[in-house]
Amino acid sequence: MRKFNSILVANRGEIAVRVMKTAQSLGYRTIAVYSEADAAALHVRMADEAVLIGPAPVQQSYLDMNKILQAAAETGAEAIHPGYGFLSENASFARACDEAGLVFIGPTTEAIDLMGNKAAAKRRMIAADVPCVPGYEEPDQSGEAFVEASRKIGFPLMVKAAAGGGGRGMRLVQNENGLMTALASARSEALNAFGSDELILERAIIEPRHVEVQVFADTHGNVIHLGERDCSVQRRHQKIVEEAPCPVMTEELRARMGAAAVEAARSINYRGAGTVEFLLDSANNFYFLEMNTRLQVEHPVTELITGLDLVSLQIQVAQGEPLGIEQKDVKLTGHALEVRLYAEDTAQDFLPCTGKITTWRPASGDGIRFDSGIDAGAAISPFYDPMIAKVIAYGETREVARNRLIEALKNTVLFGLTTNRGFLIDILANEKFARGQVTTAFITEEFDSDKLAAKNPDRTEMAMAAVLQYRVEREKALAEAICVSDRLMDWSSGGSLLTRYVYGSADMKTDVTVSPLRDGNYEINVDGADLFVEVVAMADNRAQLTVDGRRKRVHFEAPAEGILELTDEGKTLRFVNMIAFAGAAEVMAGSGHVAAPMHGTLLEVFVQVGDEVEVGTRLAVLEAMKMQHDIVAQIAGVVQEVIATAASQVAVDDLLFEIAEV
C-alpha cells in the first residue's frame, strides 16, 4: 500500500463520472480511458486527461487490460479504480496492476479470485459457517454428476454460472426433464459472457427477497457493515429497483445478517468495499448467494442513509489508511430508493434501444440525486449497457422517498429514445410495492404482457399534441416571414383556420382538427369529440395547457416536420402526422423480410436456404447490450435467402433473411 495523487478510471459512463466527482473533490488528478464510440462522452470531457484505447467493441478497448495499463504508464497514473463491470472483478487485472506498480482501488487478487467463482466462494462460506443454499458446487462438471446432484437437491432448482453475475448463465429448472437443456444453454451463455462454462446448482428458494449487505474492510483488521439494501424488484435476475433499508428488516435480523456478512469478508482477509448478497425467505431465514468484490451499481442508496461517500472510503483504504469508523458509529437515517433508467422498449420484451438523446433535463428537488454519464446529444451505443441514468430519492420515510422518486421521473425531460420510465413509475405506484410487500417474483406476478404493452394516447393527449404541433408550425411560419407580429399566430385571410392532423398507424388512424378561437384558445375535435384547449404558457419546449378546465404541464419536442414528441405524467408519446408523410412505407405485420432489430453481433445462425420455418422458429441469436436476443420467423414459409452470417456485426434494420410465405 502506498500514497498516490492520480487515479485512472478503467471504466466508462455513469460510474466513471461518479468516481471522478469524488476523486476531483479530494484533489486527485483523474485520467479517463475511452473507446472510439465514446470520444465525445461526458466522462472523457470531465477527466483531467483522457486516452483513446481502441475501437468500440469492449474486447478491443475496455476489456483490454494491456491497453489500460499502457494508458496508465503514458499518463503517469499511480492508481486505478475499476468501477463496476468490465475488469472490476478480474483477478488477473488486479494482479497486473500490482505488478506494474499501480495501486488497485479494490480488494486483493486472492479475494477477487476466490469470490469470483461461485463454487469456490460457496465452499469457503460453508467452511466459515455462513448460511448457504443447499446445492452442488463440485469440480465434476459432467452431465451425470449434475443429474445425480439434482436428485439429492430436489426441484425446482437453479442452474448458475460459477463465474460472473448479472443474471447471465442462470436458469430456473422445474423438473429433471428440463435439466440438460438448461445446462447447455447456461454453459453457452456463461462461456460467451465470462470465458468460463463452469456451473453450479442450488435449490430454488421460492419467492424470496434479495437482500444484500454492504461491507467495508481496511488493512488494519477493521471490518464493518453499512446496513442492507433490498434488491428484490428484478426482471430475469436483473435489478430494477433498489432501496435501503429493507422494508421488512428488524434490528435483530439486521444484526444477524450483518454479522454473517462481516464474517464472510473477514474469512477471506477482505479489503475495501464489497457486497454480500443473501436470499431472505418469509420466515426470516437467509442464505448466502454470492459476494461482489467491487462497488455496486446501487451504492448511492447506502450513501444517502449513512451520510458516507463510499468512493472516498475506497480511496482512503487503498492508501493503507484505517476506515476511521467502527460499527457503533454507523447510523442509518431515513430511506432511499433507486431506479435504473434504461433505453429500452418494455412493450417489445425490453428490447434495448440505440440512438441519440436529443433533450436531457434531469429533474431536481429535495432529496433527488441523478447519477449519469450522459448529456443532451449523447448517443446510446449498441456496444454497451443501455443504462441512461440512476435516479435516486431520499426521504425521512419510505413513503416520502417513493413519492419524490415518482415525481422526479415524471418531471425529467428526455427525448430521442424509448425508455423504461413509464414502467418504473408503474412499479413505484404499485400498491404491493407501496406496502413494501415484494419478492423476486413481483415483476412476473404484477406485470403481464398487457400491462407492459405500449399505451396508446387518449383524447386529451392527442388534443394537446395537435395544439402544440399547430403552434410549432405557425411559429416557424411567422419566423420565416419578415416583420410579422406574433399576434397574427391564429389569423388567416381566408377566414377561420381549420388545420387537420391524422395520428396513428396503418391500421388505426385518428382524425384531429384544430380551430383557433381567441387569445390562445382552441377547439379540438378528436374523432368527433370536442375538447377546448388553452395555451397558458409555452416556451423552451415546456407548455402549460388547460384542457376542458384541467391544467396540464407537459414537455414536448418537434424533432422533424410532421413529428411531435410529448411527455405527460412520465408517459412519453410520439405523434406522427400521417398527412405529412403520405406515401411513406407502412409497417407490415408478418413480413418475410427479417431485419436486425438493433445493432449487435450475430452469435449463431440456425437456418439455411430451403429450410421450412413456422411462426416463431429461431433463425438466429443476436447479442447486443450484453444480452442475447432470439431472431424468429414472423410467418410460416421457406427460407429463400440468408444474408446473415455468424460472428458478424449488424446494424439496426440490416436485412438478415428472406422468407417466402407458403
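Quick notes on this structure:
- Across the alpha-carbon atoms of segment 209-452, the computed radius of gyration and Dmax are 18.2, 55 angstrom.
- With θ taken as phi - 60° and the Karplus curve 6.51 cos²θ - 1.76 cosθ + 1.60 applied, the whole-hertz 3J(HN,Hα) list for segment 418-429 is 6, 10, 8, 4, x, 4, 5, 5, 4, 4, 5, 8 Hz, x standing for glycine and proline.
- Antiparallel DSSP beta bridges within the chain, as percent of all bridges there, nearest 5: 90 percent
- Cα centroid separation, segment 11-58 to segment 454-470 (Å): 40 Å
- The sum of -39500 (n - 2.57) across all DSSP H runs of n ≥ 4, divided by the residue count of the chain, sets its helix-only mean residue ellipticity at 222 nm to -7500 deg cm²/dmol.
- Rounded tilt (10° steps) of 65-75 against the dominant C-alpha axis of the chain: 80 degrees
- Cut-off under 5 Å, modelled amide H: who pairs with SER648 long-range: LEU602
- Each label was represented as a point 7 Å from its Cα along the Cα-to-Cβ direction; for GLU321 and ASP448 these points are 5.6 nm apart.
- Histogrammed with a bin width of 5 Å, the alpha carbon distances of segment 79-176 distribute as 2, 12, 18, 19, 16, 13, 9, 6, 3, 1, 0 percent, first bin at zero.
- Whole-percent pair-distance distribution, where bins are 10 Å wide, for the alpha carbons of segment 593-661: 24, 57, 18, 1
- Rounded to the nearest 0.05, the FRET efficiency derived from the C-beta distance between VAL632 and PHE155 at R0 = 45 Å is 0.95.
- Convex hull volume per residue, computed on the Cα atoms of segment 376-479, equals 180 Å³.
- Residue-wise HN-Hα couplings along segment 273-281, as the Karplus relation 6.51 cos²θ - 1.76 cosθ + 1.60 with θ = phi - 60° gives them from phi, are 8, x, 10, 9, 9, 10, 9, 10, 8 Hz; Gly and Pro carry x.
- Shown for LYS390, LYS328, LYS67, LYS21: other C-beta atoms within 10 Å of each C-beta, ranked fewest to most, produce the order LYS328, LYS21, LYS67, LYS390.
- C-alpha long axis of helix 398-410 to longest principal axis of the chain, angle in °: 50 degrees
- Distance (nanometres) between label positions extended 7 Å along Cα→Cβ at ALA434 and ASN5: 5.6 nm
- Packing-based ranking of 8-16, 377-385 yields 8-16, 377-385, ordered from highest to lowest mean Cβ neighbour count within 10 Å.
- Considering only Cα atoms, the convex hull volume of segment 6-105 works out to 79 Å³ per residue.
- Crossing angle, helix 251-266 versus the chain [Cα axis fit, 0-90 degrees, rounded to tens]: 60 degrees
- Along its principal axes, segment 327-412 has C-alpha extents of 46, 29, 25 angstrom, given from the largest down.
- The Cα center of segment 141-161 and the Cα center of segment 222-288 differ in position by 26 Å.
- Mean Cβ neighbour count within 10 Å, used as a protection proxy, ranking 120-129, 41-50 highest first: 41-50, 120-129
Every number here is computed from the coordinates shown, using simple stated rules; none is lab data. These numbers come from a predicted model, not from an experiment. Please note: Cβ atoms are built from the backbone with ideal geometry, for glycine as well, and neighbour counts cover all protein chains shown.
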